[in-house]
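The values are calculated or read from the model by the stated rules, or taken from the named source; none is laboratory data. Just so we're clear, the structure is a prediction, and the values are computed from it rather than from any experiment. Neighbour counts run over all protein chains shown; Cβ positions are idealised from the backbone, glycine included. We work out accessible area using only protein heavy atoms, side chains counted, and drop any ligands, DNA or RNA first. Shrake-Rupley method; radii C 1.70, N 1.55, O 1.52, S 1.80 Å.
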Amino acid sequence: QPSAQPSTQPSGQPSSQPSTQPSAQPSSQPSAQPSAQPSETPSANPSQGCENIRTDCGWGIFNPWTCRCDCPVGICLDNNDQCYHPCRDTIHRNPWAGCSPGWDCPWFPSQEKGYCLSELHQPNNFEIYRTAKECCDEHYGGSSQCLEKSKHFTREQTQHDPMPWPIHFPGTTPWVRPFAPAEAENIWGTEASHRARWFPDLVGKLNCVNGRNYENWMQEEGFEEEYLFSNSEDCCEKWYPSRGSTCPDAGRAANPEAEDEPHHSAPYSMQNYYFPDFSVNNCGFGWDYPAWMGINGYEKSYLFREGHECCDRYFPTVSNCPYEHTQQLDYFWTSYQDNLPNLDDMPVIYNHTYYPDLDAKTCVNGTDYPDWMASDVDFKRLYLFKRLEGCCTEWFTTFGLDECVKNVIQGVYDVEPCPTNRPDCNNMPTITNTTTHMKGMWYPDIDGYKCKQDGAVPKWMLAEGYNELYLFNTRDQCCAAFGYC
């Protein structure tokens with residue numbers, strides 16, 4: 001059972017707190033194509049506006065297009081919708097599936113590089129940021145050199161692969177990328193520097209295939225004549241003579257380095273693959289495969305272009321394998337948030353605040369909470385909530401979650417909140433005279449054993465130090481505190 005008063009020292013907090021304030025608001029209409037040097041903010045219209053939403057996300061980053069926190073792999077939303085809850089639920093998925101590096105993929109500090117990176121697959125990053133500037137400010141003292149290396153480059157002085165800005169926004173005409181990385185950062189290769197050749201897919205198809213997405217080492221001296229061929233007959237004779245007429249394979253091999261895909265794919269940054277979904281013992285399809293499958297060469301063992309290849313490898317006895325075939329072709333956040341057309345009205349969602357009343361065993365909707373609940377960032381996280389369900393789940397599950405939700409107390413807002421996407425509603429303070437307001441509150445009649453609201457509040461109850469203990473905005477709170485009703 002939670003205590004009535006918090007401890008003076010919160011039990012824990014992250015070692016560093018990422019900034020979560022969006023750097024810019026998206027424009028109302030997408031452009032036909034990105035500029036030569038796009039910003040880190042897409043121009044598609046967000047489904048909500050979040051100007052007056054609290055944006056502390058803990059270990060995650062705030063998403064200005066969905067008005068919620070997005071958490072890294074291994075961290076889940078807590079009851080306050082913030083990324084503080086360690087979990088195993090997301091270890092085998094990619095919360096950023098479909099993001100574009102340098103655009104809406106998270107940024108993280110690279111100790112090896114000495115600046116910040118933005119990548120598709122991030123299975124082990126817990127310090128993430130929405131912009132390169134936030135990352136550089138936090139880890140490299142706001143160094144202009146960090147920002148330059150992270151974002152800006154020239155063909156002659158490339159610090160890392162050019163950022164693969166999205167080819168086009170949904171519904172617009174695709175266009176060709178003007179550049180691509182000349183060579184991957186590791187041995188797994190990229191299509192950019194390769195000529196189309198026949199080569200053995202040694203791990204995935206176990207067959208000869210045609211394409212440019214073979215490993216870099218295959219074109220190096222001493223290997224090229226053994227692995228790269230101008231025709232399929234030579235490749236099949238060399239590597240798979242026992243396959244007979246089934247060699248070569250007409251399909252393409254999986255990209256050996258999925259992290260390079262944004263530089264040469266169209267129209268979005270990631271390919272859709274069939275992959276083993278061990279949670280259901282079947283093969284799924286899409287770009288929401290586990291983040292770890294897209295790094296360190298695991299692509300060749302776990303990602304497949306054809307469903308039967310995945311099924312034959314991992315689930316040969318399952319009859320309905322694979323269980324899905326629908327391509328994913330949208331922003332990563334649409335996995336949990338439907339994207340509204342630009343011309344549709346945005347939904348009105350009110351920016352409420354809920355806090356626990358431990359005597360009443362339910363939550364109060366209002367900002368009339370004790371001052372100590374907002375005196376520390378960790379107290380705010382523990383006691384102040386944006387959703388009723390989160391407040392009830394955090395504090396009153398043992399007393400009956402349904403009872404808490406059903407018996408919510410309507411408190412008082414010192415300033416009536418605007419809808420989250422209507423920030424300029426000209427709201428006015430509801431309390432203009434504090435003394436007059438306190439005289440109109442509920443108070444316990446100690447001698448009469450009942451709660452009253454008659455304007456005759458004893459003077460001593462109005463004094464500082466007593467008013468928080470004896471004055472209440474609702475009868476329910478007074479009754480729960482003193483047991484008179």
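Things to note:
- Among the residues of the stretch 274-304, the one identified as in a loop (DSSP other than H, G, I, E, B), at pLDDT 90 or above and closer than 18 Å to D201 by Cα is L303.
- Count - residues of the stretch 124-148 that are under 22 Å from G58 (Cβ atoms), more than 13 Å from the chain's Cα centre (by Cα) and in contact (Cβ under 8 Å) with a residue 24 or more places away in the chain: 10
- Residue satisfying all of: in the stretch 213-248; touching a residue at least 24 places away in the same chain (Cβ under 8 Å), in a loop (DSSP other than H, G, I, E, B) and in contact with a helix residue (DSSP H, G or I) (Cβ under 8 Å, 6 or more places away or on another chain); surrounded by the fewest Cβ atoms within 10 Å (Cβ to Cβ) among these: L228
- Filtered residues of the stretch 56-86 (kept if under 20 Å from E394 (Cα atoms), outside any strand (DSSP E or B) and open to solvent by 20 Å² or more (accessible area, probe 1.4 Å)): D56, W59, D78, N79, D81
- Number of positions in the stretch 78-98 that are of a type in the set (A, V, I, L, M, F, W, C) and over 12 Å from the mean Cα position of the chain (by Cα): 2
- Of all residues in the stretch 474-485, none are aliphatic (A, V, I, L, M), part of a loop (DSSP other than H, G, I, E, B) and open to solvent by less than 40 Å² (accessible area, probe 1.4 Å).
- Filter pass, N210 being in a strand (DSSP E or B), closer than 25 Å to C310 by Cα and either of a type outside the set (D, E, K, R) or at pLDDT below 95 (or both): yes
- Residues being more than 15 Å from D70 (Cα to Cα) and open to solvent by 10 Å² or more (accessible area, probe 1.4 Å) - total across the stretch 125-144: 10
- Scanning the stretch 469-481 for residues that are farther than 13 Å from K439 by Cα and touching a helix residue (DSSP H, G or I) at 6+ places or on another chain (Cβ under 9 Å) gives L469, C478, A481.
- Restricting attention to the stretch 389-401, the residues being open to solvent by less than 20 Å² (accessible area, probe 1.4 Å) and either touching a His at 6+ places or on another chain (Cβ under 9 Å) or among the hydrophobic types (A, V, I, L, M, F, W, C) (or both) number 3.
- Inside the stretch 109-124, residues that are at negative phi and surrounded by fewer than 20 Cβ atoms within 10 Å (Cβ to Cβ) make up a count of 6.
- Checking the stated criteria, D359 turns out not to satisfy the condition of being surrounded by fewer than 21 Cβ atoms within 10 Å (Cβ to Cβ), among the charged types (D, E, K, R), modelled with pLDDT of 80 or more and outside any loop (DSSP other than H, G, I, E, B).
- Selection status of E183, modelled with pLDDT under 85, open to solvent by 60 Å² or more (accessible area, probe 1.4 Å) and closer than 21 Å to G294 by Cα: yes
- Of all the residues in the stretch 276-335, those that are open to solvent by 80 Å² or more (accessible area, probe 1.4 Å) and without any contact (Cβ under 8 Å) to a residue 60 or more places away in the chain number 15.
- So P106, is it in contact (Cβ under 8 Å) with a residue 40 or more places away in the chain, of a type outside the set (K, R), open to solvent by less than 20 Å² (accessible area, probe 1.4 Å) and more than 30 Å from F396 (Cβ to Cβ): yes
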